[in-house]
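The values are calculated or read from the model by the stated rules, or taken from the named source; none is laboratory data. Fair warning: this is a prediction, and the values are worked out from it, not measured in the lab. Here the Cβ positions follow ideal geometry from the backbone for every residue, glycine too, while neighbour counts run over all protein chains shown. The protein model used for the area step is the full one, side chains on, heavy atoms only, and it has no ligands, DNA or RNA in it. Shrake-Rupley method; radii C 1.70, N 1.55, O 1.52, S 1.80 Å.
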Amino acid sequence: MLDHDGDTHLYVQIAEIIRQQILRGDLAPGHAVPSEATIQSEFGVARTTARRAFHLLREEGLIYTVQGEGTFVGPPSEAAREPRRTPLYRQIANDLIDRIRGGDLRPRRPVPSETTLVQQYDVARETVRKAIAVLREEGWIYTVPQRGSFVSPEDEQPRS
């Protein structure tokens with residue numbers, strides 16, 4: 001797929017692949033484009049390479065980004081997408097709360113790392129950070145500097 005040894009930058013090649021998917025209709029207006037994490041994984045490139053490809057496509061008006069929701073096909077002025085009822089970071093936080101309540105994530109045990117959550121939910125790192133911040137603010141988790149975030153003891157967790 002990508003020509004790693006050629007004279008064209010990888011981000012330009014990735015942008016061309018996505019551009020062709022849009023022009024063919026494989027990615028329809030208003031639909032989400034693959035996330036940066038997906039691009040990284042699919043093409044085996046660095047995050048900055050994926051970002052540069054997205055930047056190029058945004059400059060061309062082929063895609064637009066809504067912070068906390070994702071990147072979509074088309075110019076924002078013609079956005080045909082349905083707005084999410086619940087922001088993505090809140091959906092992730094709610095899912096983690098369900099896992100805590102269900103016993104999958106136990107008190108005083110670590111919550112999954114940022115990297116794990118980025119991969120698991122296929123979202124940007126900032127989206128995961130917002131979800132973690134919500135959990136911390138609500139008392140579901142606490143953070144120990146240099147150690148990570150842990151599930152709060154049961155007697156310190158919020159009441160339903």
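For segment 40-160, which whole percent of the accessible surface, found with a 1.4 angstrom probe, sits on carbon and sulfur atoms? Don't skip to the end; give the middle numbers.
Working: 3310 of 7440 Å².
Roughly 45 percent of what the probe reaches on segment 40-160 is carbon or sulfur.
Pairing the Cα long axis of helix 47-59 with the longest principal axis of the chain, what angle in degrees results, from 0 to 90 and rounded to the nearest 10?
With both axes taken from Cα atoms, the answer is about 60 degrees.
What accessible area per residue comes out for segment 1-131, rounded to a whole number of Å², with a 1.4 Å probe? Spell out each step's value before the answer.
On the way: 7820 Å² over 131 residues.
Here the per-residue accessible area is 60 Å².
Using +1 at the Cβ of each Lys and Arg and -1 at the Cβ of each Asp and Glu in segment 17-140, identify which of Pro107, Ile63, Pro34 lies farthest towards the dipole's positive end.
Working it through, the farthest residue towards the positive pole turns out to be Pro107.
Quick one: how many Å² of Val118 are accessible to a 1.4 Å probe, rounded to 10?
Accessible surface of Val118 is approximately 20 Å².
Pop out the ³J(HN,Hα) list for segment 115-121 in order, Karplus 6.51 cos²θ - 1.76 cosθ + 1.60 with θ = phi - 60°, rounded to Hz; leave Gly and Pro as x.
4, 4, 5, 4, 6, 5, 9
With the cut-off at 1.5 for a/c, could you classify the chain from its C-alpha gyration tensor as rounded, prolate or oblate? Write down the numbers at each step before the final one.
Working: a/c = 3.23, a/b = 1.92, b/c = 1.69.
The shape class here is prolate.
Compute the long axis of helix 88-101 from its Cα atoms, compare it with the longest principal axis of the Cα atoms of the chain, and write down the angle in degrees, 0 to 90, nearest 10.
Helix 88-101 and the main axis of the chain meet at about 30 degrees.
Compute the distance in nm between two label points, each set 7 Å from the Cα along the Cα-to-Cβ direction, one at Glu126 and one at Arg58.
Those two pseudo-labels are separated by 0.8 nm.
Any idea what the relative contact order of the chain is, in percent, if you count C-alpha pairs under 8 Å spaced at least 6 apart? Let's see the in-between values first.
Values: 180 pairs, mean separation 30.5, N = 160.
Relative CO of the chain lands at 19 percent.
Using r as the Cβ-Cβ distance of Thr86 and Leu2, and R0 as 30 Å, what FRET efficiency do you calculate, to the nearest 0.05? The partial results should precede the final answer.
Values: r = 36 Å, r/R0 = 1.20.
Calculated transfer efficiency: 0.25.
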